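Visitor: Just dropping this structure here.
Please treat every number below as a calculation from the coordinates, not as lab data. Note that the structure is a prediction, hence the values are computed from the model and not measured. Using ideal geometry, Cβ is built from the backbone for each residue, glycine included, and neighbour counts are taken over all protein chains shown.
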Amino acid sequence: MSEEFSYVTGQASLPAHIHLPQFSGIFSTQETARSVAADDFGHYVHRLPLAVLQPGSFDDIVRVVQFARQHGLKIAPRGQSHSTHGQAQVEGGIIIDTASLNTIHALHTDRVDVEAGVLWSTLLRTTLEQGLTPPVLPDYLDLSIGGTLAVGGIGGTSYRYGAIVDNVLELQVVTGEGKLETCSPNHQPELFAAVLAGLGQCGILVKATLRLIPAKNDARVFHLFYSDLAALIHDDKTLIRDGRFDYVQGYVLPTPRGEWSYVLEVVSFYTPPADQLDNARLLGGLNFMAGTEQIEERSYFNFSKRVVAQAAVLKEKRVWHHPHPWLDMFVPASEVEHYVSAALTDISPSDFGLLPVLLSALNASCFRSPLLRLPTEETVFAFDILRTVTPNPEVVAKAVAHNRQLFERNRALGGTHYPISTIDLSHTDWERHFGLVWEQFLHAKQRFDPDNVLTPGQGIFPI
């Protein structure tokens, strides 16, 4: 962006006597920009900011945080805003739209430096040109790097490599004090740990160094169909223990008959002719319904971006902008069959929408970032109810109330939640969620955001 100072003119929201700092990017008080920032993928919570900053540099973010701190304003960074409950919104404050931070910097044989607003799809295209890939990718590649790292990042390879935040080597962050800092496991480790999966509470992530591994060219994709939930859970646990597939994801899908069907999507990545796959060996000993399996060959990139294509279909059907009161849980493996069965009984498949329920086993020991909270058992399941509902306030409110019930049931079993969910949570709920690391998180908040300027939408710390 140009270094020339500029504002977008429009309806003023800030008092006229306040002297704004100069920005190399765009500081907008226009109603259109503010309205866009008062929405997210849930299309349920709407908080109207005073202004939106599209930063032209990291210094712009330093200046706006210092300005907000001086004038008692709140700030929230906004990537692709794919959370569902106002997490990246702020009433009467300033939104930082990180989409303008879209530069991929140095690409090495084992790492890449990338700004927060870059999309995973853009990054993957770039790394694959050098035969490299991040170890873990989100299933939906049109998310921003910064937004994903703020919540954690889970994908079908997470059972082996942990969360996306577990594959970060270094960060550049603007703290709530308005300071640009560099941090890593060995340099300012408290800040590093507080930002990864830290929900934007202690710093605004502006640049990250991500680990890379060699990429394979192709993907052999198996869809395995099961007669019941117990068989799927059994095989899912088997596959994350023996590691025979690179990617493992479970689905519970509504059928045209108004019932649930159970599917494992498992994938082997390979580069022919050096890699030779044996289907019989890969599928040996599994309990899917023999003869119903579906096998297809795709390129690694096309498989990785498949959900982007599915999203295009939802946009075509005009349901992308319907409310999405999603619920994302981590459930202890010892309780998962009973818990999921009961949850599915509460939901009518015919009313569910076009997106699936996700159910995937994870090895908890692969997850190392302290703020991404998992149950204490070694095997846990990510359980995601990806509801799409009609834009009727009563229907949405009913789904949100049901989410709260399922959240409490899971918590009583020792489960946790993934914080993109549509759940009404109190400060006490958050304190229980963080558990043993709450005091550590609170200390980091007090140190790096002493005036409680950053990201109020989560409701973690009292305003």
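Visitor: In nm, give the distance between the simple-model label positions of D242 and N302, each being 7 Å from the Cα along the Cα-to-Cβ direction.
Guide: Simple spin-label model gives 2.9 nm for this pair.
Visitor: What FRET efficiency comes out for S334 versus R368 if R0 is 22 angstrom and r is the Cβ-Cβ distance? Round to the nearest 0.05.
Guide: Using R0 = 22 Å, I get an efficiency of 0.45.
Visitor: Can you list the GluC sites (Glu not before Pro) in region 70-175 that are in a DSSP coil and have 10 or fewer other beta carbons within 10 angstrom?
Guide: On the way: sites: E91, E115, E129, E170; in loops: E91, E129.
Those satisfying the criteria are E129.
Visitor: To continue, here is another question. So in region 6-100, what percent of DSSP beta bridges are antiparallel if you round to the nearest 5?
Guide: Looking only at bridges with both residues in region 6-100, the antiparallel portion is about 25 percent.
Visitor: What's the extension gain from S227 to D59 if we count 0.36 nm per residue and subtract their Cα-Cα distance?
Guide: 54.8 nm
Visitor: Calculate the length of the line joining the C-alpha centroid of region 245-322 to that of region 344-370, in whole Å.
Guide: First find each Cα centre; the distance between them is then 15 Å.
Visitor: Now, a different point. What translational D, rounded to a whole number of µm²/s, comes out for region 167-299 from Stokes-Einstein when the hydrodynamic radius is the Kirkwood one over Cα pairs, at 25 °C and 0.890 mPa s?
Guide: On the way: Rh = 18.2 Å.
Translational D for this selection: 135 µm²/s.
Visitor: Translational diffusion coefficient of region 218-417 at 25 °C, 0.890 mPa s, Stokes-Einstein with Kirkwood Rh over Cα pairs, in µm²/s as a whole number.
Guide: For the chosen part, D equals 135 µm²/s.
Visitor: Counting other beta carbons within 10 Å of each residue's own, what order do W320, W120, W438 fall into, fewest first?
Guide: Fewest to most other Cβ atoms nearby, the residues stand as W438, W320, W120.
Visitor: Now for a separate question. Take the Cα atoms of the chain, find their three principal axes, and give me the spread along each one in whole Å, biggest first.
Guide: 73, 52, 45
Visitor: Moving to a separate point now. Sort 137-147, 267-277, 368-378, 61-71 by the packing proxy (mean of other Cβ within 10 Å over each peptide's residues), most packed first.
Guide: 137-147, 61-71, 368-378, 267-277
Visitor: Return the distance in nm (one decimal) between the two label points of a simple spin-label model at L20 and Q310, each offset 7 Å from Cα along Cα→Cβ.
Guide: Simple spin-label model gives 4.1 nm for this pair.
Visitor: Would you kindly calculate the mean projected area, averaged across all directions, of the convex hull enclosing the Cα atoms of region 6-100, in square nanometres?
Guide: Quarter of the Cα hull surface area: 5.4 nm².
Visitor: Run through every distinct alpha carbon pair of region 104-214 and return the Kirkwood hydrodynamic radius in angstroms, one decimal place.
Guide: 13.8 Å
Visitor: In whole Å, largest first, what are the principal axis extents of the Cα atoms in region 21-63?
Guide: That works out to 33, 18, 12 Å along the principal axes.
Visitor: Ok, one more. Once the piece of chain linking R125 and T376 is laid out straight, how much longer is it, given 0.36 nm per residue of separation minus the C-alpha distance between them?
Guide: Stretched out fully, the R125 to T376 stretch lengthens by 86.7 nm.
Visitor: Could you work out how much longer the chain between A342 and H443 gets when fully extended? Use 0.36 nm per residue separation minus the Cα distance between them, nm to one decimal.
Guide: Stretched out fully, the A342 to H443 stretch lengthens by 32.5 nm.
Visitor: Something else about it: Taking a label point 7 Å from the Cα of L253 along the Cα→Cβ vector, which residues of region 280-320 have an amide N closer than 11 Å to it?
Guide: 294
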